[in-house]
Amino acid sequence: MAIVAASGYAAPWITGVGVKLYLDARAQPTHAWLDFLNPVALAVIVPATAVWASPFFALALVAVILQRLPETTWLTRSDRWLVVLGGLAAGLWGEVRLFVEVFWDWDAMALFAGFLLPAFYVPHMVAGTALGAAIALGYGVIRRRTGSRP
């Protein structure tokens, strides 16, 4: 469960580093590394990252709740992980895609209005969770029809 929250927290930072390295390799102008590590920037960006990762914290809570439910023929523990992993994969895809756009042109206003950014990738996370749930329930139907035990 901690991996779900930590991946959402780390994705913007890893994306920013990747975009900066890519732009530096192509000799395009970027900000210096020290611009990101000054105390004022860190005082804003570190707490903002918690806001950006808040959907992943919610998904981690869903994972905890799902894993504590009693096991049934329809949903085993591994099936429940499919639900969470679907949301995680789609949420990370949406988050990384958004932050590539933000860091590519270095839109500082988007970072300062960071509480609005999750609205752009939460739909991806919801769709991935729904797809994971559909796949998990499909496995449950197959198990019931074949008579196999969880």
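No lab work stands behind these numbers, since they all come straight from the coordinates. These figures come from a predicted structure and were not determined experimentally. Cβ placement follows ideal geometry from the backbone for every residue including glycine, while neighbour counts extend to all protein chains displayed.
Between Thr72 and Val46, what is the label-point separation in nm under the 7 Å Cα-to-beta-carbon projection?
Label-label distance for Val46 and Thr72, simple model: 4.4 nm.
What base-10 log of the normalised intensity I(q)/I(0) is obtained for the chain from the Debye formula, alpha carbons as equal point scatterers, at q = 0.09, 0.18, 0.19 Å⁻¹?
So the normalised log intensities work out to -0.37, -0.99, -1.07.
Checking the a/c ratio against 1.5 first, then a/b against b/c, what shape does the Cα gyration tensor give for the range 1-57?
Because a/c hits 1.5 or more and a/b fails to exceed b/c, the range 1-57 counts as oblate.
Would you mind calculating the relative contact order of the chain from Cα pairs under 8 angstrom and at least 6 residues apart, reporting the percent as a whole number?
32 percent
Gain in length, Ala25 to Trp81, computed as 0.36 nm per residue apart minus the alpha-carbon separation, to one decimal in nm?
16.3 nm is the gain from fully extending Ala25 to Trp81.
So how tilted is helix 54-68 from the main axis of the chain? Cα-based, degrees 0 to 90, rounded to 10.
20 degrees
Quick one: Karplus J couplings for the range 6-16, per residue in order, coefficients 6.51, -1.76, 1.60, θ = phi - 60°, nearest Hz, x for Gly and Pro?
Result, rounded to whole Hz: 5, 5, x, 6, 7, 4, x, 5, 5, 5, x.
Report the net charge of residues surrounding Leu69, where surrounding means a beta-carbon distance below 13 angstrom and charges are Lys +1, Arg +1, Asp -1, Glu -1.
Charge balance near Leu69 sits at +1.
Which whole-Hz ³J(HN,Hα) couplings does the range 92-101 yield from phi under the Karplus relation 6.51 cos²θ - 1.76 cosθ + 1.60, θ = phi - 60°, glycine and proline marked x?
5, 4, x, 5, 5, 4, 5, 6, 4, 5
Using a Förster distance of 30 angstrom, determine the FRET efficiency expected from the C-beta separation of Ile142 and Val64, and round it to 0.05.
Result of the calculation: an efficiency of 0.65.
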